[in-house]
Amino acid sequence: MQKIYRTDDRIIREVPQAEAGCWIMLTTPTMDECTEISEKYGIDISDLRAALDDEESSRITLEDDYTLILVDIPTAEIRNERNTYTTIPLGIVLTEDMLITVCSEETTVLTTFVKQRVRNFSTKKQMRFTYQILYNSCMLYQSLLRSIDRKRTDIEMRLNKNTEDADLFDLHEIESNLVYFATSLRANSVVLDRLTRYGRLRQYEEDQELLEDVIIENKQAIEMTQIYRDITIGTRELTSTIINNRLNNVMKYLALRLLCPSRPSSQDSGE
């Protein structure tokens, strides 16, 4: 699906045709849509479709006619019949006078701009728009990390009441989520570091300050991920220990009943 947006007087509108200063948003685009954009703006179609491959790693590529910025963003999914999180690639292509985003699904990282929830946003300011997208991604990571930790806390609060094997599976999924986040955030940090060193990208002073904010928030997300992962590992080990202790107590009780059965009553003995 292809949509084209343009901001005028700080108001974003969908427009029928792309022109200088527009934002082309490609969401799960077809091959025909990618081919059209590729030929029109001189973009290698493999770069344009890179974000549609879940195995693509975060990177920045400088070509003669465009710049590709590929990062991982968080998203929700169903895994093992549980609501979990993972990461998917988001491609940002900067041409001479156009910004193009490519993603395999609709994401709040981008829809917040369409819904006018970002201040001082303009499709004409390409680098600032790019950094605002990256900032949104960092904020979404942090929001989901807090949600993940709340799930862990709920499990921890049940430890003395109704701990079940399912809790171990839930903790395993939480730990998996944190591994995905940690891997993607570290890869994104490499891209952010390179953005600070590429003089070819046109930047204004306020853009540079925003990039520094993005780097800080990305580092904070990395730290949160590591802290929550360490705590989750501890919670998982404690949960496993409690379940094992309860099982051992049951086994001891059953063994005791087998070794020392109770005396039958007078009625059972026929007296």
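Residues in the range 55-65: is at least one closer than 17 Å to Met98 by Cβ, basic (Lys, Arg) and surrounded by fewer than 17 Cβ atoms within 10 Å (Cβ to Cβ)?
No, there is no match, as no residue in the range 55-65 is closer than 17 Å to Met98 by Cβ, basic (Lys, Arg) and surrounded by fewer than 17 Cβ atoms within 10 Å (Cβ to Cβ).
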Q) Pick from the range 155-181 the residues that are charged (D, E, K, R) and modelled with pLDDT of 85 or more: which of them is most open to solvent (accessible area, probe 1.4 Å)? A) Glu175
Q | Residues of the range 3-17 classified as modelled with pLDDT of 90 or more and either buried (at least 16 other Cβ atoms within 10 Å of the Cβ) or outside any strand (DSSP E or B) (or both), total | A | 8
Q) Which residues, counting only those in the range 30-77, are assigned to a helix (DSSP H, G or I), under 25 Å from the mean Cα position of the chain (by Cα) and acidic (Asp, Glu)? A) Asp47
Q: Determine whether the range 8-28 contains at least one residue that is more than 22 Å from the chain's Cα centre (by Cα) and within 13 Å of Ser104 (Cβ to Cβ).
A: no
(Q) Between Thr86, Thr111, which is within 27 Å of Thr225 (Cα to Cα), part of a strand (DSSP E or B) and among the β-branched types (Val, Ile, Thr)? (A) Thr86
Q) Do the conditions hold for Gln203, that is, is it out of contact with any strand residue (DSSP E or B) (no Cβ under 7 Å at 6 or more places or on another chain), surrounded by 14 or more Cβ atoms within 10 Å (Cβ to Cβ), at pLDDT below 95 and not aliphatic (A, V, I, L, M)? A) yes
Q) All but one of (1) more than 20 Å from the chain's Cα centre (by Cα); (2) open to solvent by 30 Å² or more (accessible area, probe 1.4 Å); (3) in contact (Cβ under 8 Å) with a residue 24 or more places away in the chain; (4) over 19 Å from Leu195 (Cα atoms) hold for Arg82; which doesn't? A) (1)
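The values are calculated or read from the model by the stated rules, or taken from the named source; none is laboratory data. Because the structure is a prediction, the values reported are computed rather than measured. Cβ sites come from the backbone with ideal geometry, for glycine too, and all protein chains shown count toward neighbours. We work out accessible area using only protein heavy atoms, side chains counted, and drop any ligands, DNA or RNA first. Shrake-Rupley method; radii C 1.70, N 1.55, O 1.52, S 1.80 Å.
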